[in-house]
1. If you check 141, 133, which single one turns out to be in contact (Cβ under 8 Å) with a residue 40 or more places away in the chain and not in a helix (DSSP H, G or I)?
2. Tell me yes or no: at least one residue of region 162-183 is within 22 Å of the chain's Cα centre (by Cα), surrounded by 10 or more Cβ atoms within 10 Å (Cβ to Cβ) and at pLDDT below 85.
3. Please find, within region 3-25, the residue that is modelled with the lowest pLDDT out of those that are exposed (fewer than 14 other Cβ atoms within 10 Å of the Cβ) and assigned to a helix (DSSP H, G or I).
4. Determine which single condition residue 75 fails, assuming it passes every other condition in (1) closer than 18 Å to residue 6 by Cα; (2) modelled with pLDDT under 75; (3) touching a strand residue (DSSP E or B) at 6+ places or on another chain (Cβ under 7 Å).
5. Mind listing whichever residues of region 42-71 are assigned to a loop (DSSP other than H, G, I, E, B) and surrounded by 14 or more Cβ atoms within 10 Å (Cβ to Cβ)?
6. Look at region 122-156 and say how many of its residues are surrounded by 16 or more Cβ atoms within 10 Å (Cβ to Cβ) and either within 11 Å of the chain's Cα centre (by Cα) or under 20 Å from residue 41 (Cβ atoms) (or both).
7. So, in region 26-48, how many residues would count as being modelled with pLDDT of 90 or more and more than 16 Å from the chain's Cα centre (by Cα)?
């Protein structure tokens, strides 16, 4: 499942014109998989932000990110709540100082990159959500990106009349969209449906 999740994240950043470099394409037998970051991402044309960057990112926030280290936690059946984080400290191993040594090798000395954690979902209740965000911030995570954001944006951006033959994921989304397997957003509930042939 992790390779599928990583493919989704890679395609998402590439769709938003980031340059994406994978840290490794193998898992060393002497190291745990969670020890390293998954991607270095670089925005070749970042925009200046006038306000504060939100902790929970959306696609609209990406143009303001210059560079980041990205860690993907795609379990897809769990939320990232305080209990989960307390019982699995290895999730946040990527914020340790050695990450900056790897990031300096990838990006140079122009300042530290953001540390972005891609998560299945944050808690639904406001108090648990606030507690989770506070915990992640206290550990050094700069931002989180929920999978719902990534997947929703990929589905919205893919055009049915384009051929995405260089990406199996994008081609699959295009085919599913072509056969109406994705529901339209609820605000368009009463929009006329495409006639079946």
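The values are calculated or read from the model by the stated rules, or taken from the named source; none is laboratory data. Fair warning: this is a prediction, and the values are worked out from it, not measured in the lab. Here the Cβ positions follow ideal geometry from the backbone for every residue, glycine too, while neighbour counts run over all protein chains shown.
1. Criteria check complete, one pass: 141.
2. So far as region 162-183 goes, yes, one or more of its residues are within 22 Å of the chain's Cα centre (by Cα), surrounded by 10 or more Cβ atoms within 10 Å (Cβ to Cβ) and at pLDDT below 85.
3. 3
4. (3)
5. 43, 46, 55, 57, 65, 66
6. Qualifying residue count for the region: 12.
7. Result for region 26-48: 5.
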